[in-house]
């Protein structure tokens, strides 16, 4: 019968205490820095203009409503810009949704969509990062989610509806497709610059129409359309990508 090694047990115990001590020390240092540092500035400058154009390429925008659930859950100083885009006369289920959510003072205005999409009935089939070259030459990294959920046609026939959902976060002079990176940058700015980074969360999504109509777009075509839409629309609302001298108020 194998007997436990007392020396090994003591070594493991010592390692565990060391790790706990390091974590406790880092926590105390963070609390001390936060306590001694001055109050952070309320809401830094946003890296985005809350403006969505009337037209993007051949697609025309129609204002879309913010849901009551969003208004009830998110802080009152959260602001929204939202439109759906499509060819003239296109039905709602074949339009691109473009939505911008801009945080106020509170951080909880912004969250990763992987938290709320399942509550809306969607299942996340896959997730990956897409890199979109912009007109400026800058690359924009976005998270691309392939979603699916049960649906029914007008005749009652059931099918699986799929949708591509692309999103990224925009701060002042910085973007990221990753929630953990956004949180790290937020905490860095709070600790060392005493600025509460004011983030925006941009969503571009569309249903894969080939799932229910013979002449609709397949998954690859839908993703390509969304990437082109992002390429064409970003210069209207991301300050870092706007041409010099742009005045959105006159557009």
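The values are calculated or read from the model by the stated rules, or taken from the named source; none is laboratory data. Predicted model only: the values in this text are computed from it and were never measured. For neighbour counting, all protein chains shown are included, and Cβ atoms are generated from backbone atoms with ideal geometry for every residue, glycine included.
Brief remarks on what is shown
- Options 179, 228: the member that is out of contact with any strand residue (DSSP E or B) (no Cβ under 7 Å at 6 or more places or on another chain) and more than 25 Å from residue 106 (Cα to Cα): 228
- Qualifying residue in the stretch 205-213 (condition: without any contact (Cβ under 8 Å) to a residue 24 or more places away in the chain and either farther than 18 Å from residue 131 by Cα or surrounded by 12 or more Cβ atoms within 10 Å (Cβ to Cβ) (or both)): yes
- Hits in the stretch 112-129 (condition: within 17 Å of residue 170 (Cβ to Cβ) and either more than 13 Å from the chain's Cα centre (by Cα) or surrounded by fewer than 16 Cβ atoms within 10 Å (Cβ to Cβ) (or both)): 129
For (1) surrounded by 14 or more Cβ atoms within 10 Å (Cβ to Cβ); (2) out of contact with any strand residue (DSSP E or B) (no Cβ under 7 Å at 6 or more places or on another chain); (3) at pLDDT 95 or above; (4) outside any loop (DSSP other than H, G, I, E, B), each residue gets a yes or a no:
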{"site": "60", "(1), (2), (3), (4)": "yes, no, yes, yes"}
{"site": "66", "(1), (2), (3), (4)": "yes, no, no, no"}
{"site": "81", "(1), (2), (3), (4)": "yes, no, yes, yes"}
{"site": "90", "(1), (2), (3), (4)": "yes, yes, no, no"}
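Matching residues to (1) outside the structural domain of residue 104 (by TED's automatic domain parsing); (2) in contact with a helix residue (DSSP H, G or I) (Cβ under 7 Å, 6 or more places away or on another chain); (3) touching a residue at least 60 places away in the same chain (Cβ under 8 Å); (4) surrounded by fewer than 20 Cβ atoms within 10 Å (Cβ to Cβ):
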position: 166; (1), (2), (3), (4): no, yes, yes, no
position: 175; (1), (2), (3), (4): no, no, yes, no
position: 182; (1), (2), (3), (4): no, no, yes, no
position: 218; (1), (2), (3), (4): no, yes, no, yes
